[in-house]
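Participant: Here it is: the structure, laid out below.
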Amino acid sequence: MTSSSLTTFLQRNLEELKNNGLFNQIHVLQGGNGPLIHINGRELINLSSNNYLGLAGDERLIQAAEAALRKYGVGAGAVRTINGTMDVHEELEVKLARFKRTEAAIAYQSGFNCNMAAISAVMEAGDAILSDELNHASIIDGCRLTKAKVIRFKHSDMEDLEKQAKAARDSGQYNKIMVITDGVFSMDGDIAKLPEIVEIAERYDLITYVDDAHGSGVLGKGAGTVKHFGLSDRVDFQIGTLSKAIGVVGGYVAGKRDLIEWLKVRSRPFLFSTATPPAIAAACIAALDILSNSAELQEKLWSNAAYFRKGLEQLGFETGHTETPITPCIIGDEVTTQQFSKELFEAGVYAKSIVFPTVPKGTGRVRNMPTAAHTTEMLNRALTVYESVKKRLGL
Ligand code: PMP
């Protein structure tokens, strides 16, 4: 029998979410996640995925995964330290290190557990973490797993970061101090001020940690935000995900050899959770091979994003201060923003609304993620839909 306290808890909280319009209805996709998707038998232009380079449906990745399925079977069988590690996982890590220009890399099952793993393997009681207030949930949870003091600094505010770093160092209370930032912030598409962050870090002896989930495969000729700024030797932890531009699933840390060795003996998701299926590792290797041989997909991604952004601006929309392919279309109040996204959906465009409390009140936006796989015809069709919804809502 279900405990009455659980029943009460669930009923009260689910009702509250539903009453406040915050209950997230998840759509079922009939088929894969590409530039076009199908929901309830209808085709929609997909502007909501992180499949930046269109690799999630790429034939070369599919073939690599199929061959690996035949060679290795479906599952990895066990944790890598218990049952031995497969050569395909080792090869993935060698290629990730090469991709990131670091000495070594370690692969995890997801970007989310990678942050939980890496932060908690290094930071401990008596340490402090300076964390950008807009950092991703997995960073926040990774910090919570440690006994370190967590100090938030204002988003990309270098004065505030320096002030907090100085205060933390001068207090003499802390041993290690780490600064953590996303490389690219996913709500606004802005890039972290890494050159300044690294300078402050060097001034106050901070460990540097950059989660480049949205920059890898996109910036720095694919190698990411750290490479974009030419800082590969000056950042300790480069975190990435294999689920966005790489098109598959998984996460990784790239860095110095002794850091990676430490994570292999101390980070808990590596030690206590079964490795990624080998076919998944093989598909990731195929994606990295594609990225290391050609910049064609990145170029297409950036030109599609520029085209779509310009199209929105020509229609009179505000697109914020994005510096990356993440393209917000600022609508304003929460109700109108949600209505706008709903009308887009009805007219065949899938683009999610993001409203308070995820973004400040009155800055509700529809977030668009154009990818390398969209054709100009698809983007034009989406822009026509934007224009008609704008007219219909009298904006
Ligand atoms: N870090 C950031 C900055 C992210 O945006 C995400 C994905 N939303 C993650 C980590 C988690 O990555 P994954 O989906 O691979 O678990």
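Participant: Could you tell me how many of the residues in segment 62-84 are closer than 24 Å to Phe270 by Cβ and either in a helix (DSSP H, G or I) or out of contact with any helix residue (DSSP H, G or I) (no Cβ under 9 Å at 6 or more places or on another chain) (or both)?
Facilitator: Counting residues in segment 62-84 that are closer than 24 Å to Phe270 by Cβ and either in a helix (DSSP H, G or I) or out of contact with any helix residue (DSSP H, G or I) (no Cβ under 9 Å at 6 or more places or on another chain) (or both) gives 12.
Participant: Right, something else. Go through segment 311-366 and give me each residue that's in contact (Cβ under 8 Å) with a residue 24 or more places away in the chain, in a loop (DSSP other than H, G, I, E, B) and closer than 15 Å to Leu383 by Cα.
Facilitator: If the condition is that a residue be in contact (Cβ under 8 Å) with a residue 24 or more places away in the chain, in a loop (DSSP other than H, G, I, E, B) and closer than 15 Å to Leu383 by Cα, then Leu315, Gly316, Phe317, Ala347, Gly348, Ala351 are the ones that fit.
Participant: Within segment 264-276, identify whether any single residue is more than 21 Å from Asp182 (Cβ to Cβ) and within 12 Å of the ligand (Cβ to nearest atom), and answer yes or no.
Facilitator: Yes: one or more hits.
Participant: Collect the residues in segment 226-245 that are over 22 Å from Asp289 (Cβ atoms) and within 16 Å of the ligand (Cβ to nearest atom), keeping them in residue-number order.
Facilitator: Once the filter is applied, which keeps residues that are over 22 Å from Asp289 (Cβ atoms) and within 16 Å of the ligand (Cβ to nearest atom), segment 226-245 yields Val235, Phe237.
Participant: Another question, if that's okay. Do we have Thr225 as under 13 Å from the mean Cα position of the chain (by Cα) and among the hydroxyl-bearing types (Ser, Thr, Tyr) here?
Facilitator: Spelling it out, Thr225 is indeed under 13 Å from the mean Cα position of the chain (by Cα) and among the hydroxyl-bearing types (Ser, Thr, Tyr).
Participant: Kindly list the number of the only condition in (1) away from the ligand (no atom under 11 Å from the Cβ); (2) of a type in the set (D, E, K, R); (3) within 21 Å of Ile119 (Cα to Cα) that fails for Asp211.
Facilitator: Condition not satisfied by Asp211: (1).
Participant: Which one is farthest from Pro325 (Cα to Cα), of the residues in segment 141-184 that are within 16 Å of the ligand (Cβ to nearest atom) and out of contact with any strand residue (DSSP E or B) (no Cβ under 8 Å at 6 or more places or on another chain)?
Facilitator: Leu145
Participant: Leu96: closer than 28 Å to Thr324 by Cα, within 16 Å of the ligand (Cβ to nearest atom) and either hydroxyl-bearing (Ser, Thr, Tyr) or part of a loop (DSSP other than H, G, I, E, B) (or both), yes or no?
Facilitator: Against the criterion (closer than 28 Å to Thr324 by Cα, within 16 Å of the ligand (Cβ to nearest atom) and either hydroxyl-bearing (Ser, Thr, Tyr) or part of a loop (DSSP other than H, G, I, E, B) (or both)), Leu96 does not qualify.
Participant: Which of (1) at pLDDT 95 or above; (2) touching a Leu at 6+ places or on another chain (Cβ under 9 Å); (3) charged (D, E, K, R) is the odd one out, the single condition Asp188 does not satisfy?
Facilitator: (1)
Participant: Within the set of pairs 6+ apart or on separate chains, which have a first residue in segment 370-395 that is within 14 Å of Asn46 (Cβ to Cβ), a second that is surrounded by 12 or more Cβ atoms within 10 Å (Cβ to Cβ) and of a type in the set (Ser, Thr, Tyr), and C-beta atoms under 8 Å apart?
Facilitator: Pro370/Tyr307; Pro370/Thr327; Thr371/Ser49; Thr371/Tyr52; Ala372/Tyr52; Leu379/Tyr307
Participant: In this structure, does Glu261 turn out to be away from the ligand (no atom under 16 Å from the Cβ), over 21 Å from Gly142 (Cα atoms) and not assigned by the TED database to the domain that holds Gly34?
Facilitator: no
Participant: When the residues of segment 101-140 are narrowed to those that are within 17 Å of Phe270 (Cα to Cα) and in a loop (DSSP other than H, G, I, E, B), which ends up nearest to the ligand (Cβ to nearest atom)?
Facilitator: Step by step, filter segment 101-140, then rank; the result is Ser110.
Participant: OK, next. What pairs come up if the first residue lies in segment 106-122 and is touching a residue at least 60 places away in the same chain (Cβ under 8 Å) and farther than 18 Å from Asp236 by Cα, the second is more than 9 Å from the ligand (Cβ to nearest atom) and among the aliphatic types (A, V, I, L, M), and their beta carbons are under 8 Å apart, counting only those six or more places apart or on different chains?
Facilitator: Hits for this filter: Gln109/Ala275.
The values are calculated or read from the model by the stated rules, or taken from the named source; none is laboratory data. It should be emphasised that the depicted structure is a prediction, and the values quoted were computed from it without experimental measurement. Here Cβ is always computed from backbone atoms with ideal geometry, including for glycine, and neighbour counts include all displayed protein chains.
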